[in-house]
Amino acid sequence: MYASREDVGYDFGDDSKVGSKPVKPNPNIDGGWAWMIVLSSFLVHILIMGSQMALGILNMEWLEEFNQSRGLTAWVSSLSMGITLIVGPFIGLFISMCGCRKTAIIGGVLNALGWILSAYASNVHYLFLTFGVMAGVGSGMVYLPAVVMVGQYFQKRRALAQGLSTTGTGFGAFLMTALLKYLCTEYGWRSTMFLQGAISLNLCVCGALMRPLSPKDVSEKYVVRSNSEDNKAKALSHSAETIKSSGPLGDELEKKEEATNEEVLHSVQHIDIGDKSRGGRNMYGLRILKTVSQLTVTVRKGFAIWYSSYFGAASLFTNRVFVAFIIWALFAYSSFVIPFIHLPEIVKQYNLSIQNNIFPLTSIIAIVHIFGKVILGIISDLPCISTWNVFLMANFTLVTCILTLPLMHTYVSLAVVCALIGFSSGYFSLMPVVTEDLVGTKHLANAYGIIICANGVSALLGPPFAGWIYDITHKYDFSFYISGLLYMVGILFLFIQPCIQKKQPKEKSTEEAQV
């Protein structure tokens, strides 16, 4: 229940028991090593999401260093945040082929390399590639496995585990803001990025902790939790070795794999028998042939699983409410990201740097955001409360704060509005529940992947748009007004579509009665 929008694992399903044979529980599920997975995911959220929420500190340094427009400079931060979310569905291909652990370790190296190479940037465009693209892709390669592994290791305590791991975002935003500010003051932004790159190498340690469950453990877990159709919907959260696809696609894939393996074995035997006189020289060629063939089969199988998981859900777009939900997601996340990127400069313009140095406004948002996720989750869990209504009320509160933020010019008033932004943005914990209500459990993983992509687009375009508006008007006021109005349009879509859905059955019943 407390899992946020970025923290839902691709591992949803019914808890109904299927089968009559008693299954001996694995001590690592809901306990044992599972809590090390939670710790790993918690640290990943601190190092990735926390550092991204603190990029406003570096954004000011880049503005002074390169003397470029605010719109152009903001692309650096937005690329890193947006790509982390946008590449999520495509990172599933790597998870399907080589598992969560290897994907996370490679992503940790790529993320650290992006930070370190950014320390040598000579212009903003250089940062686009090193920090925006390279570090962004690396973050996505670590972030998704961290979420997926928590879903794999937990069955009964999944909500608690996801809730504990996702609080790393708030803690990370608070800690990284203070850390980056201190490092920039003492050593300069270039040395800060080099040091942060060294710190980011700890992501490889987090990835190493993601010990995969054995195929036996995974099969035992899913005998209890779901039927074969649910397993197909959850295929993304398992490595290629632990997934057995069901249905026509899986049968066809297995037949192709068996045929390929038979061809390889036949060719190996034929060459081995006919060329014994050539000695061990040909063995290298045979090994290469077997390796290439096995790699081809693995890639083909992983791509088929990935494609069916994300692009085999065209029926989702026939749901008008879900389409409205996507439109809402395109506008919503930018309104939450813009304050993190531009608030430090707004404070500087208002001559409030002394107060902000004592307790940064972005840290207020981060801390209250933790409590908002938990409290809103508890409220929506009450039997007499509608999750949908809580979700809408939180959105209305957030958009109201975004529209009133430019009217505040004192530190106290800005702190109050930032606290409300942090609390109301806790609706992220309700997004998995709302998505499931719209599309059902069967399509939840695919639907949520689409919503994450929409959020990524919003994070990618929001901060540069705000900076571009500032370059034209020399004020941030219009940036918040326009983004707030677009956000309001998205909320109205959520209101209009459910009303249309309710009216349609009544109209159909009236027509049938007349006939």
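The values are calculated or read from the model by the stated rules, or taken from the named source; none is laboratory data. Because the structure is a prediction, the values reported are computed rather than measured. Positions of Cβ are generated from backbone atoms using ideal geometry, with glycine treated the same way; all protein chains shown enter the neighbour counts. What goes into the accessible areas is simple: the full protein's heavy atoms, side chains included, and nothing from ligands, DNA or RNA. Shrake-Rupley method; radii C 1.70, N 1.55, O 1.52, S 1.80 Å.
Among 192, 177, which is the only one that is assigned to a helix (DSSP H, G or I), modelled with pLDDT of 90 or more and of a type in the set (S, T, N, Q)?
Matching residue, one of 192, 177: 192.
Might you check whether a residue that is more than 27 Å from residue 432 (Cα to Cα), open to solvent by 10 Å² or more (accessible area, probe 1.4 Å), out of contact with any Lys or Arg (no Cβ under 9 Å at 6 or more places or on another chain) and touching a residue at least 24 places away in the same chain (Cβ under 8 Å) occurs anywhere in the stretch 129-145?
So far as the stretch 129-145 goes, yes, one or more of its residues are more than 27 Å from residue 432 (Cα to Cα), open to solvent by 10 Å² or more (accessible area, probe 1.4 Å), out of contact with any Lys or Arg (no Cβ under 9 Å at 6 or more places or on another chain) and touching a residue at least 24 places away in the same chain (Cβ under 8 Å).
Among residues belonging to the stretch 180-204 that are open to solvent by 30 Å² or more (accessible area, probe 1.4 Å) and touching a residue at least 60 places away in the same chain (Cβ under 8 Å), point out the one that is nearest to residue 357 (Cα to Cα).
Out of the qualifying residues, it is 181.
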